[in-house]
Amino acid sequence: MKIGFIGLGNMGAPMASNLANAGHEVTGFDVAGTTAEGVTIAASASEAATGRDAVVTMLPNGAILRTVAAEIIPAMAADTAFIDCSTVDVESARAVAEQALEAGLLPVDAPVSGGIGGAQAGTLTFMAGGSEKAFAKAQPLFEIMGAKSVHCGEAGAGQAAKICNNMILGISMLGTCEAFALAEKLGLDWQKMFDVVSTSSGSCWSVNTYCPAPGIGPQSPADNDYRPGFAAELMLKDLLLSQDAAESTGATTPIGARATELYANFVEQGGRGRDFSAVLEMLRKKT
Ligand code: NAD
């Protein structure tokens with residue numbers, strides 16, 4: 001396939017390279033002038049999107065997605081798949097999908113889970129929203145860039161799944177960090193705590209796979225001085241999206257709201273650029 005790829009950042013560059021390494025002809029564009037191995041660089045987003053079978057976007061937020069979409073939609077021929085893998089608000093995802101449908105395109109919102117490591121290894125999970133036809137056209141590309149894709153429903157359903165998942169993650173990581181900080185104050189050995197919790201009803205991904213306590217459990221950013229991983233400010237971004245969505249739909253998310261406040265404090269107080277599990281350090285410092 002001829003593929004356009006717009007947004008060659010931490011995630012987009014390795015994803016675009018994986019498509020090129022699988023034998024696709026990939027043309028990319030990024031305003032910052034970044035490149036990706038095996039990818040031909042175009043002079044603009046619309047040039048990267050012209051004459052392609054599919055266009056993938058991997059951008060920072062909904063406002064930028066809307067701007068890029070307005071530029072590239074007129075350049076794309078009918079039946080081109082327009083696959084947005086950025087994490088954005090559900091409203092932007094739906095608005096862009098509507099414009100793309102009016103132009104006869106096949107839009108899919110397909111945010112990912114798995115981080116930079118997953119993007120490099122081609123093991124991302126894609127959560128997709130769009131028509132059956134659009135999902136079917138995008139799926140072979142998901143299989144190259146990821147290990148799993150789930151068709152969650154119509155336009156916006158992928159973003160909805162992503163923000164709900166990450167609200168659980170933010171909350172469960174804070175709960176895990178609080179429990180490890182409390183265990184320390186109680187004089188409970190962290191390894192013993194892990195041995196119990198990881199096979200008990202408190203077990204969860206934050207404990208078992210991504211333990212925030214250094215030296216405990218499988219290798220995680222805690223064992224690498226909390227280098228991300230998944231940066232605290234990206235967790236804050238996703239929690240803010242969950243709170244926007246809760247407000248616009250009237251959903252009640254009191255723990256999600258508190259988690260958002262705590263991550264906002266953490267990012268302000270030195271957490272920016274650190275892994276989101278480093279909240280444990282902040283809790284340990286507070287007496
Ligand atoms: P990034 O900032 O490294 O990459 C975004 C890229 O988009 C940048 O290179 C930027 O120059 C480019 N860009 C901005 N405006 C543009 C425009 N108008 N035209 C073309 N390019 C433009 O961010 P990232 O870490 O790659 O994340 C991308 C998306 O994936 C975000 O929505 C993020 O929330 C989501 N995400 C990130 C992770 C992660 O661990 N980094 C995990 C899951 C999802």
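Restricting attention to region 12-36, report how many residues are open to solvent by 40 Å² or more (accessible area, probe 1.4 Å), within 15 Å of the ligand (Cβ to nearest atom) and closer than 21 Å to Gly117 by Cβ. Of the residues in region 12-36, 2 are open to solvent by 40 Å² or more (accessible area, probe 1.4 Å), within 15 Å of the ligand (Cβ to nearest atom) and closer than 21 Å to Gly117 by Cβ.
Could you tell me whether region 105-116 includes any residue that is at positive phi, out of contact with any Asp or Glu (no Cβ under 9 Å at 6 or more places or on another chain) and in the same structural domain as Ala20 (by the TED database)? Yes: one or more hits. In region 44-143, counting only helices (runs of 4 or more DSSP H) that sit wholly within it, the ones holding 1 or more residues that are open to solvent by 50 Å² or more (accessible area, probe 1.4 Å), of a type outside the set (S, T, N, Q) and farther than 24 Å from Gly33 by Cβ span 90-102, 115-121. For region 225-252, taking the residues that are surrounded by fewer than 14 Cβ atoms within 10 Å (Cβ to Cβ) and free of Cβ contacts under 8 Å to residues at least 12 places away in the same chain, the one that is nearest to the ligand (Cβ to nearest atom) is identified as Asp225.
Residues that are near the ligand (Cβ under 8 Å from one of its atoms) and open to solvent by 30 Å² or more (accessible area, probe 1.4 Å) were ranked within region 1-11; the one that is nearest to the chain's Cα centre (by Cα) is Met11. Thr176 meets each of the listed conditions (1) assigned to a helix (DSSP H, G or I); (2) within 16 Å of the ligand (Cβ to nearest atom) apart from (2).
For every residue, the table says whether it meets (1) in the same structural domain as Leu101 (by the TED database); (2) in contact with a strand residue (DSSP E or B) (Cβ under 8 Å, 6 or more places away or on another chain); (3) polar (S, T, N, Q).
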{"site": "Leu8", "(1), (2), (3)": "yes, yes, no"}
{"site": "Met11", "(1), (2), (3)": "yes, yes, no"}
{"site": "Met15", "(1), (2), (3)": "yes, yes, no"}
{"site": "Asn18", "(1), (2), (3)": "yes, no, yes"}
{"site": "Gly23", "(1), (2), (3)": "yes, no, no"}
{"site": "Thr27", "(1), (2), (3)": "yes, yes, yes"}
{"site": "Ala63", "(1), (2), (3)": "yes, no, no"}
{"site": "Ala78", "(1), (2), (3)": "yes, no, no"}
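All conditions in (1) of a type outside the set (Val, Ile, Thr); (2) assigned by the TED database to the domain that holds Asp84; (3) surrounded by fewer than 21 Cβ atoms within 10 Å (Cβ to Cβ) hold for Ser172, with the sole exception of (2). Scan region 253-287 for residues that are in contact with a strand residue (DSSP E or B) (Cβ under 8 Å, 6 or more places away or on another chain) and either crowded, with 20+ Cβ neighbours inside 10 Å or among the hydrophobic types (A, V, I, L, M, F, W, C) (or both) and the total you get is 3. The selection criterion, being closer than 25 Å to Asp244 by Cβ, in contact with a Pro (Cβ under 7 Å, 6 or more places away or on another chain) and either aliphatic (A, V, I, L, M) or not in a helix (DSSP H, G or I) (or both), does not hold for Ala160.
Look at region 3-23: where a residue is under 12 Å from Thr34 (Cα atoms) and a partner is open to solvent by 20 Å² or more (accessible area, probe 1.4 Å) and in a strand (DSSP E or B), sitting 6+ places away or on another chain with Cβ atoms under 6 Å, you get Ile6/Phe29.
Hey, Thr40 hits all of (1) within 14 Å of the ligand (Cβ to nearest atom); (2) among the hydroxyl-bearing types (Ser, Thr, Tyr); (3) more than 21 Å from Pro228 (Cβ to Cβ) but one; which does it fall short on? Checking Thr40 against (1) within 14 Å of the ligand (Cβ to nearest atom); (2) among the hydroxyl-bearing types (Ser, Thr, Tyr); (3) more than 21 Å from Pro228 (Cβ to Cβ), the one that fails is (1).
Annotation for region 49-59: at least one member residue is of a type outside the set (Ser, Thr, Tyr), away from the ligand (no atom under 15 Å from the Cβ), modelled with pLDDT of 95 or more and under 22 Å from the mean Cα position of the chain (by Cα).
Pairs linking a residue in region 131-144 that is under 15 Å from Asn21 (Cβ atoms) to a residue that is assigned to a helix (DSSP H, G or I), with Cβ atoms under 6 Å and 6 or more positions apart or on different chains, are Ile144/Asn18; Ile144/Leu19.
Scanning region 32-43 for residues that are in contact with a helix residue (DSSP H, G or I) (Cβ under 8 Å, 6 or more places away or on another chain) and at negative phi turns up Thr34, Thr35, Ala36, Glu37, Val39, Ala42.
The values are calculated or read from the model by the stated rules, or taken from the named source; none is laboratory data. Treat the numbers as computed from the prediction; the structure is a model and nothing was measured. In this analysis, Cβ positions are derived from the backbone assuming ideal geometry, glycine residues included, and neighbour counts consider all displayed protein chains. When the accessible area is computed, the model is the full protein with side chains, heavy atoms only, and any ligands, DNA or RNA have been set aside. Shrake-Rupley method; radii C 1.70, N 1.55, O 1.52, S 1.80 Å.
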